[in-house]
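Asker: Before anything else, here's the structure in question.
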Amino acid sequence: MDPIVYDNTCLRAHSLSRQCASTLNTVSERDYPGHNYFNQSIECLDMDSYERSQANGSEDNTVDAVIGISNYRNNRIINPRLLLVELRMGYSSTKNLSKTQFERKVTHTRDLLGSECSINPNSVFVFNNNFAPQAKHWLSARQQEGGKIRQCIACSTKWFNENVRSPESMSDEHIHTKISIVSTLSCHVENANFSQLFDNLDYWLLKSEKYMYSNRFEYEHVKNIIKEFWIEFRTKYHCLENEEDELNAQIMDEDIRTRLR
């Protein structure tokens, strides 16, 4: 799965951008002033304001905002689409959460957007960092009941900001640099200490798996380094002389292929 970046160009292509353009942080500040939860560069459609302006006092439920997103792959932005975002950072209890309301908000917003632009299959409901785990548990239980709730995702503000990044940030410094990972692995190869090489690779496999859902940007970075290193290693050492080392290398072949999705 590719990292996600916000895509303002995609958003501006929708006709509603001429009627209710805003930023995600501005919409957030309306209900949660002083927090500055989101990157101020993320543009959005202010769906609540649009609905009020069109409904003449009989407005229906919409999500708070719609943003543009794209996948980031090989230094390119691909697959632009809209993402529905509902802001629920003020919640501290599940008793006011409603499956019916969630579904109505998503359905009506999709109706308003029409078919001008592609829309992400899943919609995001953002909660504060402390309450997000409870919200995820509540949502998971409601999803067992079926319905459009299955296409709703609960997340924290922290998760959102780490996983919906600016295109410019994709060149930012990573938590683990390529040189720091490759230098240690290469040292084991130079010393022909293949058992330590496999142990170190397993360490990075476990490390990458921890990032898979918490920081997709870092996961993709570590994953690609491991894959690239391993391809080069097996090209040079396609069959290790020591039988046990070669067996462990074949196990690592399978681990890298199946664990780094």
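The values are calculated or read from the model by the stated rules, or taken from the named source; none is laboratory data. Because the structure is predicted, anything quoted here is derived from the model rather than measured. Don't worry about glycine lacking a Cβ; one is built from the backbone with ideal geometry, like all the others, and counts go over all protein chains shown.
Asker: Can you tell which of L83, L16, L97 is out of contact with any His (no Cβ under 6 Å at 6 or more places or on another chain), buried (at least 20 other Cβ atoms within 10 Å of the Cβ) and either closer than 17 Å to N161 by Cα or hydrophobic (A, V, I, L, M, F, W, C) (or both)? Before you say what the answer is, go through the steps one by one.
Answerer: Numbers: L16 fails: buried (at least 20 other Cβ atoms within 10 Å of the Cβ); L97 fails: buried (at least 20 other Cβ atoms within 10 Å of the Cβ).
The conditions single out L83.
Asker: So, of the residues in segment 31-80 that are among the hydroxyl-bearing types (S, T, Y) and farther than 13 Å from D7 by Cβ, which turns out to be surrounded by the fewest Cβ atoms within 10 Å (Cβ to Cβ)?
Answerer: S58
Asker: For the subset of segment 35-75 comprising residues that are modelled with pLDDT of 90 or more and of a type in the set (A, V, I, L, M), which member is farthest from S123 (Cα to Cα)?
Answerer: Restricting to residues being modelled with pLDDT of 90 or more and of a type in the set (A, V, I, L, M), the top hit is I42.
Asker: Let me ask something else. Go through (1) touching a strand residue (DSSP E or B) at 6+ places or on another chain (Cβ under 6 Å); (2) modelled with pLDDT of 95 or more and name the single condition F198 misses.
Answerer: For F198, the exception is condition (1).
Asker: Based on what the data block shows, is N242 in contact (Cβ under 8 Å) with a residue 12 or more places away in the chain and either over 28 Å from R165 (Cβ atoms) or in contact with a His (Cβ under 6 Å, 6 or more places away or on another chain) (or both)?
Answerer: Numbers: in contact (Cβ under 8 Å) with a residue 12 or more places away in the chain: yes; either over 28 Å from R165 (Cβ atoms) or in contact with a His (Cβ under 6 Å, 6 or more places away or on another chain) (or both): yes.
The answer is yes for N242.
Asker: So which of I149, I179 is among the aliphatic types (A, V, I, L, M) and exposed (fewer than 15 other Cβ atoms within 10 Å of the Cβ)?
Answerer: I179
Asker: Name the pairs: first residue in segment 145-161 and in a loop (DSSP other than H, G, I, E, B), second residue charged (D, E, K, R), Cβ to Cβ under 9 Å, at least 6 apart or on different chains?
Answerer: Close Cβ pairs (under 9 Å, with a partner that is charged (D, E, K, R)) amount to E145/K99; G147/K99; G147/E103.
Asker: Can you give me the ranges of the strands (runs of 3 or more DSSP E) entirely in segment 16-82 with at least 3 residues that are in contact (Cβ under 8 Å) with a residue 40 or more places away in the chain?
Answerer: Result: 65-73.
Asker: Does N248 count as assigned by TED's automatic domain parsing to the domain that holds N120 and not in a loop (DSSP other than H, G, I, E, B)?
Answerer: no
Asker: Residue check: is E145 touching a helix residue (DSSP H, G or I) at 6+ places or on another chain (Cβ under 8 Å) and acidic (D, E)?
Answerer: Working: touching a helix residue (DSSP H, G or I) at 6+ places or on another chain (Cβ under 8 Å): yes; acidic (D, E): yes.
Spelling it out, E145 is indeed touching a helix residue (DSSP H, G or I) at 6+ places or on another chain (Cβ under 8 Å) and acidic (D, E).
Asker: Confirm whether V85 is assigned by TED's automatic domain parsing to the domain that holds S41, hydrophobic (A, V, I, L, M, F, W, C) and either over 28 Å from S15 (Cβ atoms) or not in a strand (DSSP E or B) (or both).
Answerer: When the stated conditions are applied, V85 does not pass them.
Asker: Among the residues of segment 216-235, are any of a type in the set (S, T, N, Q) and in contact (Cβ under 8 Å) with a residue 12 or more places away in the chain?
Answerer: Checked against the condition, which is being of a type in the set (S, T, N, Q) and in contact (Cβ under 8 Å) with a residue 12 or more places away in the chain, segment 216-235 yields no hits at all.
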